[in-house]
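Okay, structure first, notes after.
Quick note: the coordinates plus some simple rules give every number you see, no bench work behind them. A quick note: this is a predicted structure, and the numbers were derived from the prediction, not measured. Please note: Cβ atoms are built from the backbone with ideal geometry, for glycine as well, and neighbour counts cover all protein chains shown.
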Amino acid sequence: MAYHGQVTVGGPPDVHELTHLIISKVAVGPMDNNAYLLRCRQTGEQLLIDAAEEPQTLLNLIGPSGLASVLTTHRHGDHWQALAAVVAATGARTLAGRHDIAGIPVATDVPLDDGDEVRVGEVALTARHLVGHTPGSIALVYDDPSGHPHVFTGDCLFPGGVGNTHQDPQAFTQLLHDVETKIFDRLPDETWVYPGHGDDTTLGDERPHLSEWRARGW
């Protein structure tokens, strides 16, 4: 079945099968967070993006193959409630943006900076540091050599706008700048966007609205 990215809490994961990478998306409660499991087809190594909640749901998704790494996109509590349990069960190493690790109550093994490479088996992804939703938010970009790019944006980019900056004009300006210069300016319209909550989108669907977002200030 074709991947659509529409998942519900308590429902099954949706699976996006690429040439080199398998992406499984699941929703967990109570704040309808998305978690993403990336699996390298060549090696079977797996990386989890955001151990948000429901550790047993995430461990079921991970399965018997084990988990090499878990990346936390940012320090907000709804994105790491299951982190300690998942790490305890799997022994996975932890990754997070350098400027957010103080707010994540599980030790970060690998602090990430803008441009750092994150590997899952034979697949390489790139960390992008986006400031505004939090000081250290990380988006993860997979530039698929056999297709279009894919970007996991945490709470920095959604269908219809950038993430919440709590009515702080400076934070909004910074976040929009980073999203434009590090995501929209570097990636094509076909880029698939996997956000921290809700449905997926593409950069092509969102690009025409950048000026609207700037004008409204959120």
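Taking only C-alpha pairs under 8 Å that are 6+ residues apart, what is the relative contact order of the chain in percent?
Relative contact order comes out at 14 percent.
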**Report entry** Ratio Rg/Rh [Cα only; Rh per Kirkwood] for region 14-216
**Finding:** 0.94
Query raised in the report: How far apart, in nm, are two points set 7 Å out from the Cα along the Cα-to-Cβ line at Arg41 and at Val9?
Result: 3.5 nm
